[in-house]
Amino acid sequence: MKLVLNMQPKPVFNSFKKISTKDERMTMDAGRNGRNVFEVHDPEALAKARAVLDACADAAAMGDAITKAVRRNAEWRGIQCINLLAPEAPTSLGVRALLSAEIGTRAAEGHIGAVNRWFAGTKYIDEVEALCVELLKQHFRCAYADHRLCASMIGNAVVYTALSEPGDVIMSVPQPLGGHSSNRPDGPAGAMGRKIVDIPFDPHELVVDIDTFRKVAPLVRPRLVALGLSMTLFAQPVAEMKRVIEEWGGRLFFDAAHQLGLIGGGTFQDPLKEGADIVTGSAGKTFAGPQSGILLWDDAQLTEPVTTAVFPIWAATHQVNRVAALAFATAEAIAYGARLQSQIVRNAKALARALAERGLPLLGAHKDFTETHQVIADVRAFGRGLTVAQALERADIIVNKNLIPNDAAADWDYPSGIRMGTIEVTRFGMMESEMETIAELIARVVVRGEPPERVKSEADALRAGFQTIYYSFDAGLPPGIREGNGLPTTGVGAPFPMPDWAKS
């Protein structure tokens, strides 16, 4: 039995992964301050930005440069590319309209209710936030929900604040096995002084090794077990893990950054129903809403410590336009979530099968590859993850490099795998047949070594035919699902009329 203990809390500034040597990040900015500057960002990108700004005649031209850069991204990524990034999802027209609404200029720190607010003039903000909370509770079938966080990583920090103390032992999954930095020494857990022990994880089955967990956990008696995976293909043994740690009052939280939409849509395990004490999640991935952090729980005893950790510790004024957009996205999820999430998983399985048939090694092949939106490929034979991702980008197919179980933490820049996700292509109406086409395009670049530029025109042509964001109140369901393809019959089958403000 291998027991891996990361027992020394690491100061956050000493624990970032190595991006390049210090000498490479020491840049001479003689034209501005004449001294060496330690810079984590790409010096060439910053130098290019300075050159653009220096060429501007006035501040208005600087603003125009920003607008043009945003427009270029919208045209390339929003219209032209086949986007297979697992952490991304396009939002509906209604969500996008609310993100630019006037309410976003208003301050609203505190809990809902006139007495709870520091500011007057929040009666309609209270209404919007209350609607958001109740919609989240309804969709996720839970007793309590919090909507105020701008990112799911902050949600994890809230859990560490509310349910543990500096020096407490927590357990989490190492990154090469799928864990996320927010629960590791180089994220909030380590920065907040928690002592981190590895959750035993089976690198072949890609699930927690529950037998070894039963042996290890009693030895270290974690105050908190963080079950968070950014590489997530299969359900985890939540109930079994909770039964182990409840002997000493340990808590289990499920970091559902990637799986949140799948949970709400009923196509993945429901961690709260299986024994998790609290669920954190991102609204900007499978949930397909505005980028936000969400907290879900059932135990009334957690409400005071959790909400106190949200405010005043981790959130003050919390972007009420985002809250409104989150509420709207949740209403769309209630209407369309079951069908969207089912098709996301169907597409992921279809993409994985088609890639495997074309010679790309995939994780989880013996278990039909995936039960989520993700597909993970081992590309060591084709140049490793960074090289492959960059080649596919030149073909307008966007994936990300990814650590896989054979990697070490030091392989962060040049890992062995790539990660693909089917959220965006699904929301644009693609079905299993399009996954076959995408797999063929990927295989031509990665497996057969065709020049990406030769494949690009075909990728662009495929994407050009899918420009409508479905599973939304304005567009309804895509034609293939309206005609029936065995997906769940719950949910709405036709578009709702769009409110006037969302059409502009």
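Nothing in this text is a laboratory measurement; each read-out follows from the coordinates by a stated rule. Quick caveat: nothing in here was measured; it's all calculated off a predicted structure. In this analysis, Cβ positions are derived from the backbone assuming ideal geometry, glycine residues included, and neighbour counts consider all displayed protein chains.
Take the alpha carbon atoms of segment 336-502, find their radius of gyration, then divide it by 2.2 N^0.38 Å using N residues; give the quotient. Provide the component values of the computation, followed by the final result.
On the way: Rg = 17.1 Å, N = 167, 2.2 N^0.38 = 15.4 Å.
Output field value: 1.11.
Tell me, what is a quarter of the convex hull surface for the C-alpha atoms of segment 255-354, in nm² with one decimal? If you can, show how the numbers build up before the last one.
Values: hull surface 28.7 nm².
Mean projected area of the Cα convex hull: 7.2 nm².
Across every pair of different alpha-carbon atoms, what Kirkwood hydrodynamic radius in Å does segment 106-182 reach?
Numbers: mean 1/r = 0.0658 Å⁻¹.
It works out to 15.2 Å.
Can you work out the Karplus-derived ³J(HN,Hα) for every residue in segment 350-361? Use 6.51 cos²θ - 1.76 cosθ + 1.60 with θ = phi - 60°, whole Hz, and x for glycine or proline.
Per residue, the Karplus-derived 3J(HN,Hα) values read 5, 4, 4, 4, 5, 5, 4, 4, 9, x, 9, x Hz.
How big is the gap, in Å, between the Cα center of segment 217-292 and the Cα center of segment 421-437?
So the separation of the two Cα centres works out to 27 Å.
Using the Karplus curve 6.51 cos²θ - 1.76 cosθ + 1.60 with θ = phi - 60°, work out ³J(HN,Hα) for each residue of segment 396-402 in order, rounded to whole Hz, and write x for Gly and Pro.
Each residue's phi maps through the Karplus curve to give 6, 10, 9, 10, 10, 4, 7 Hz.
Would you give the gap between the C-alpha center of segment 61-97 and the C-alpha center of segment 102-135, rounded to a whole Å?
Measuring centre to centre over Cα atoms gives 29 Å.
Report, in whole Å, the centroid distance computed from the Cα atoms of segment 147-200 and segment 384-403.
Taking the Cα centre of segment 384-403 as reference, the centre of segment 147-200 is 28 Å away.
Any chance you could tell me what percent of the C-alpha pair distances in segment 87-216 go past 16 Å?
Details: 6291 of 8385 pairs.
The answer is 75 percent, as a whole percent.
Of 362, 395, 336, whose Cα points farthest to the positive end of the dipole of segment 336-502 (charges on the beta-carbon: +1 Lys, Arg; -1 Asp, Glu; origin at the Cα centre)?
362
Could you compute how fast segment 167-229 diffuses translationally, taking Rh as the Kirkwood radius over C-alpha pairs and applying Stokes-Einstein at 10 °C with viscosity 1.306 mPa s? Give it in µm² per second. It would help to have the intermediate numbers written out before the result.
Numbers: Rh = 11.6 Å.
D = 137 µm²/s.
Let me confirm the definition first: pairs of Lys residues in segment 93-330, 8 or more apart or on different chains, C-alpha distance under 21 Å. How many are there? Present the calculation step by step, with values, prior to reporting the outcome.
Numbers: 137/273; 137/285; 195/215; 195/242; 215/242; 242/273.
Lysine pairs meeting the criterion: 6.
Could you list which residues have their amide H under 5 Å from that of residue 149, counting only those 5 or more apart in sequence or on another chain, with H placed in the peptide plane?
Amide H neighbours of residue 149: 293.
Please tell me the relative contact order of the chain in percent, rounded to the nearest whole number, where contacts are Cα pairs under 8 Å and at least six residues apart. Show your work: numbers first, answer last.
Values: 1000 pairs, mean separation 99.9, N = 504.
Averaging sequence separation for qualifying contacts and normalising by length gives 20 percent for the chain.
So what J values fall out for segment 44-58 if you push phi through Karplus, 6.51 cos²θ - 1.76 cosθ + 1.60 with θ = phi - 60°, rounded to Hz, Gly and Pro as x?
5, 5, 5, 5, 5, 5, 4, 5, 4, 5, 5, 7, 6, 6, 7
Over the chain, what is the percentage of antiparallel beta bridges among all DSSP beta bridges, to the nearest 5? Could you put the intermediate results ahead of the total?
Details: 27 of 45 bridges.
That works out to approximately 60 percent antiparallel.
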